[in-house]
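The values are calculated or read from the model by the stated rules, or taken from the named source; none is laboratory data. Being a predicted model, the structure only gives us computed values, none of them experimental. Cβ placement follows ideal geometry from the backbone for every residue including glycine, while neighbour counts extend to all protein chains displayed.
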Amino acid sequence: MIMDRRRRLVVIAVIFVTFNALAFVIPFYRDSAFWTAYVFSITTILAMLVADWVAFRNADSLKRVFMGIPIMKIAYTCLTAQLAVCIGFMVAATFIPVPAWRVFVPGLLILASGTVAIFKADWGREVIEQIEERNLANTEFMMGFRVDLEALVPRMTDTVLKSKIESLAKAAKRSDPVSSDGLFEIEAEIGRKFELLKYSALNDISDSTVLADELSHLLNERNLKCRQLKRHQQ
């Protein structure tokens, strides 16, 4: 991301230099309207640095980079509109008198609306990230349970027990991965039973198949409760 940031800063620098070169090479009439348009243009270009920081300040993964792109699209749209309006007023002021306030009003509105849109987009991104983190935490138990079962299968030498654990692994894959407070107790019991099953199976203890059956019943009970809780929430 360091190299990407340097490229983005180069783009902003090119826009800054190009605008200044055109503003002072072209023989505009430099009255109050020109300078008002110039200040708003430069302010909007420099504000791109802030927008870039807002968009990519936590971009430590491709997903977060992708989620920052809409913010930069808003920023560049605002910049394009601002430069178009300000350059238009610069040209107009060269030929006809233009009061500074006529430049000030649209310049301020573009800058303010762009700022509001950027921060609304950033707030929306934070909400999405919080929801995803919550969903990830809610699926942590079942995802871990699936992995534990699949990891246990290759270590089984008893064909009957291996078949039961394979069936458990398939049932776990078909189960709803989302946990809730109402499933806390039964999921805790499933976790304890699995640890007993793992210890028993790896040490060739005779009650391993019984534990596998109990675990299968608990998983089925968990799925029934999960469906019941979802019906009540609807």
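Summary of values
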item	result
Number of positions in segment 47-100 that are closer than 13 Å to Arg5 by Cβ and basic (Lys, Arg)	1
Residue match in segment 213-222 (condition: under 20 Å from Met143 (Cα atoms), in contact with a Phe, Trp or Tyr (Cβ under 8 Å, 6 or more places away or on another chain) and at pLDDT 85 or above)	yes
Residues satisfying the stated conditions in segment 142-165, i.e. over 26 Å from Ser180 (Cα atoms) and either among the acidic types (Asp, Glu) or modelled with pLDDT of 90 or more (or both)	Asp158
Any chance Lys73 is assigned by TED's automatic domain parsing to the domain that holds Pro27, among the basic types (Lys, Arg) and under 19 Å from Ile12 (Cα atoms)	yes
Filter result (hydrophobic (A, V, I, L, M, F, W, C) and either closer than 30 Å to Arg134 by Cβ or surrounded by fewer than 18 Cβ atoms within 10 Å (Cβ to Cβ) (or both)) within segment 161-184	Leu168, Ala169, Ala171, Ala172, Val178, Leu183, Phe184
Of the criteria (1) buried (at least 18 other Cβ atoms within 10 Å of the Cβ); (2) free of Cβ contacts under 8 Å to residues at least 12 places away in the same chain, which one Tyr199 fails	(1)
Tabulated pairs, segment 81-93, first closer than 13 Å to Ala23 by Cβ, second outside any helix (DSSP H, G or I) and of a type in the set (Ser, Thr, Tyr), C-beta under 9 angstrom, 6+ apart or interchain	Met90/Tyr29; Ala93/Tyr29
Qualifying residue in segment 91-109 (condition: under 25 Å from the mean Cα position of the chain (by Cα), more than 22 Å from Val14 (Cα to Cα) and exposed (fewer than 13 other Cβ atoms within 10 Å of the Cβ))	no
Among (1) under 30 Å from Val178 (Cβ atoms); (2) surrounded by 12 or more Cβ atoms within 10 Å (Cβ to Cβ); (3) among the small types (Gly, Ala, Ser) - the single one Ser61 does not satisfy	(2)
Residue within segment 220-228 that is closer than 30 Å to Arg64 by Cβ, among the charged types (D, E, K, R) and surrounded by 13 or more Cβ atoms within 10 Å (Cβ to Cβ) present	no
Output for segment 6-50, where each listed residue is surrounded by 11 or more Cβ atoms within 10 Å (Cβ to Cβ) and either outside the structural domain of Leu83 (by TED's automatic domain parsing) or small (Gly, Ala, Ser) (or both)	Ala13, Ala23, Ser32, Ala33, Ala37, Ser41, Ala47
Flag for Phe34 being over 24 Å from Ala13 (Cβ atoms) and over 32 Å from the mean Cα position of the chain (by Cα)	no
